[in-house]
């Protein structure tokens, strides 16, 4: 496969994943997961923090999938997003680390040394899609539409409101409720039926 075909392939995968195609999403995660873990290793995150950064990176992509200005640069977008999440995690851990434990904070960690990491990756990825599918149809529509036709990474609330048939003022709160529910499903690990409609 040539370079141009590979670039087009990434664009097609992004478009399909934005439309809710689980196979396209799995392909994206499989293709770019090594980059995410490389960023985690470069920032010396431990296994638990790396797993959190991994999940947050893919959640950010899910939130912004339809608004990527150049889907052919998906790898760079994922790398930058992962780096930002890793730095945020490091800042949080420094604020929470007692002074006497500062030596432990400097100890390097390598997620690839943990035999549970590959299983954790697969489980987190599958859980993200299970959680998204558990959302009611309305929440799924809102989360998808709000990332379409975004300018500078921000959704166009006018076009989103028109597409969804909703007042502009209710988009933000609805999006917030849907994302809160999605995060709750992820953190609680609930796999039953239900969700907002």
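Cβ crowding within 10 Å ranks 94, 175, 183, 83 as 94, 183, 83, 175, fewest other Cβ atoms first.
For a modelled paramagnetic label at residue 72, 7 Å from Cα along Cα-to-Cβ, the residues of segment 12-35 in reach, with backbone nitrogen under 13 Å, are 12. Residue exposure proxy: 160, 93, ordered by other Cβ atoms within 10 angstrom of their Cβ from fewest to most, comes out as 93, 160. Taken over segment 7-75, the ratio of Cα radius of gyration to 2.2 N^0.38 Å equals 1.13.
With a simple spin-label model that places each label point 7 Å from the Cα along the Cα-to-Cβ direction, the separation between residue 180 and residue 12 comes to 4.1 nm.
For the pair residue 90 and residue 130, a Förster radius of 41 Å applied to the C-beta separation gives a FRET efficiency near 0.90, rounded to the nearest 0.05.
Any read-out appearing in this document is the output of simple, stated calculations on the displayed coordinates, not a laboratory observation. Just so it is clear, the model here is predicted, and its values are computed rather than measured. Cβ: placed from backbone, ideal geometry, glycine included. Neighbour counts: every protein chain shown.
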